[in-house]
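Worksheet for the structure shown next.
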Amino acid sequence: MLGSAAELLAGGSLEQGCVLLDLALPGGGAEDVQQALARRGARLPVVVTCDGGDPAAPVRAMKRGAVDVLQKPVSEPDLVAAVERALAGSAREQARRGARAAAAARVERLSRRERQVLEGLLAGLSNKEIARSLDLSPRTVEMHRANMMATLGAASLPDALRIGIDAELPAPGGGVASVGLSPEIAPLDRPPQAEPEAIRSAYEEKLRLALEASGDGAWDWDIASGRIELSPSLIERIGLAYGSLPERLDLLEALMHPDDRDTFYRRLDDHLQGRSAAFACEYRLRNQAGAWRWTEVRGRVVDRAEDGAPLRMVGTARDISGRKADEARASRDQALLSLAQRGAAAAIWDIDLDSGRTHLCARGRELAGLAPDAGDEVALDVWLSRVHPDDSADVLAAIDAAAESGEPASVAFRIRRIDGGWRPVLALGTVIEATADTPRRLVGLTQDLSGRGAAAPAFSLAEERG
């Protein structure tokens, strides 16, 4: 602890701690200290004490940045409490600065188009509206949006919006995205009531439009009373009726699928007890028609009591029933494909015709004599090194002909087994043209001809079509 202003300014650390400043320093010394700290860019919180001789002195000190003023004589408990409040506030401000710097660094990595898409989302625009404003196709905007999410490392649109807000990203039409934080995405250290009401209301409307465009809805849970509020868009999307909607979490439980309740409450308890930074869960709710709708919910505690007990929790939710149905179909199709592979002793492969990177399934790695843990992606020349030297020219010719003509490819050749011997195989492939998201590819399957006689000689595309 430093005992004088001179010691503080001459050699004291200005990186962390709290400055306790007496306004009764002779010759206006207290004002000099505050001004000197400001010139040096020091962010230390300042708590001042005064004797009441000059009623305007505390006001001037507060205008110069003091966080608290204590009237002398000051009791030890009051002094300790004031210093603790100052340190806690300083820690929150430091965390906010860190969040802003981290978010700005992420946004800096965005391309010009990715940044424009993020700005449009912050303004509450849909993909189609962004496409019209940028004179792009909606598909191109979707591509830039996916790239933007990947570059930011955002798991969901609310995460991306939070990063844009923390980075104080300008929104189209003027203004800054961080003019106010709504409860849905407010950081833990900034309670919603700290923002001016008019600014916060305007921003909440902007965020509401963004959530509507993204397919998300919002919820707000008063933990003490158990009351939970859902946004109208969320109620509509999950197919609930306004009049019959439960207003408490324990009543909402009755609509939850029994198989999902344990997971839901376990993850919720982990967050309420501080064991997880955020709450995230996927579960099923029964809608008004009696059907089960999959819901993805994310949120976090935004207000706690002095003893750490959670008081309020807010977040977003979306209906993911369509995605779950797609996943179920993909899982079924994959199971059928795997069954067909096993029945035909075949392997699936995928060649990027631009880079030559080749994806092989587990069976494909086995047929090529590669180690099981070799990874599902190899360079084309690595895979070709497994082909019999006498057959490699035919295999390359078939790949080049397919790439040039776009016609299906078919070639028989020998490939080295893991024991060093040669395995006869037949490869069939077709060209998949490039899209906005994927390069031009040659995909197909390889069938093991072992036990069916010697490998047939390689044949050309022209011979196959003839």
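Before moving on, here are some points about what is shown:
- Taken together, Asp262, Asp250, Asp220, Asp326 contain a single residue that is outside any loop (DSSP other than H, G, I, E, B), at pLDDT 85 or above and either of a type outside the set (Asp, Glu) or outside the structural domain of Cys361 (by TED's automatic domain parsing) (or both), which is Asp262.
- For the stretch 305-333, a residue qualifies if it is without any contact (Cβ under 8 Å) to a residue 12 or more places away in the chain and of a type in the set (Lys, Arg), and the qualifying residues are Arg329, Arg332.
- Criterion applied to Ala368, Ala291 was being at pLDDT 80 or above, farther than 18 Å from Ile228 by Cβ, aliphatic (A, V, I, L, M) and surrounded by fewer than 16 Cβ atoms within 10 Å (Cβ to Cβ), and the one residue passing it is Ala291.
- Which listed residue is among the hydrophobic types (A, V, I, L, M, F, W, C), crowded, with 18+ Cβ neighbours inside 10 Å and more than 30 Å from Thr140 (Cβ to Cβ), from Ala401, Ala397, Ala374, Ala347: Ala347
- For the stretch 77-114, the set of residues classified as surrounded by fewer than 14 Cβ atoms within 10 Å (Cβ to Cβ), closer than 30 Å to Asn127 by Cβ and of a type in the set (Val, Ile, Thr) is empty.
- Asp269 vs. criteria modelled with pLDDT under 85 and either more than 20 Å from Ser225 (Cβ to Cβ) or not assigned by TED's automatic domain parsing to the domain that holds Pro158 (or both): no
Every residue, every condition in (1) surrounded by 15 or more Cβ atoms within 10 Å (Cβ to Cβ); (2) farther than 30 Å from Asn147 by Cα; (3) at pLDDT below 85, yes or no:
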position	(1), (2), (3)
Arg417	yes, yes, no
Gly421	no, yes, no
Ala427	yes, yes, no
Ala434	no, no, yes
Arg441	yes, no, no
Asp448	yes, yes, no
Gly451	no, yes, yes
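- Test for Asp78: is it among the acidic types (Asp, Glu) and either assigned to a helix (DSSP H, G or I) or at pLDDT 80 or above (or both): yes
- Test: residue in the stretch 43-58 that is under 28 Å from Arg92 (Cβ atoms), in a helix (DSSP H, G or I) and either in the same structural domain as Ala91 (by TED's automatic domain parsing) or modelled with pLDDT of 85 or more (or both): yes
- Enumeration of residues in the stretch 62-75 that are closer than 13 Å to Leu21 by Cβ and either modelled with pLDDT of 80 or more or hydroxyl-bearing (Ser, Thr, Tyr) (or both): Ala66, Val67, Asp68, Val69, Leu70, Lys72, Val74
The values are calculated or read from the model by the stated rules, or taken from the named source; none is laboratory data. Nothing here was measured: the structure is a model prediction, and the numbers come from that model. Ideal geometry is used to build each Cβ from the backbone, glycine not excepted, and the neighbour counts take in all protein chains shown.
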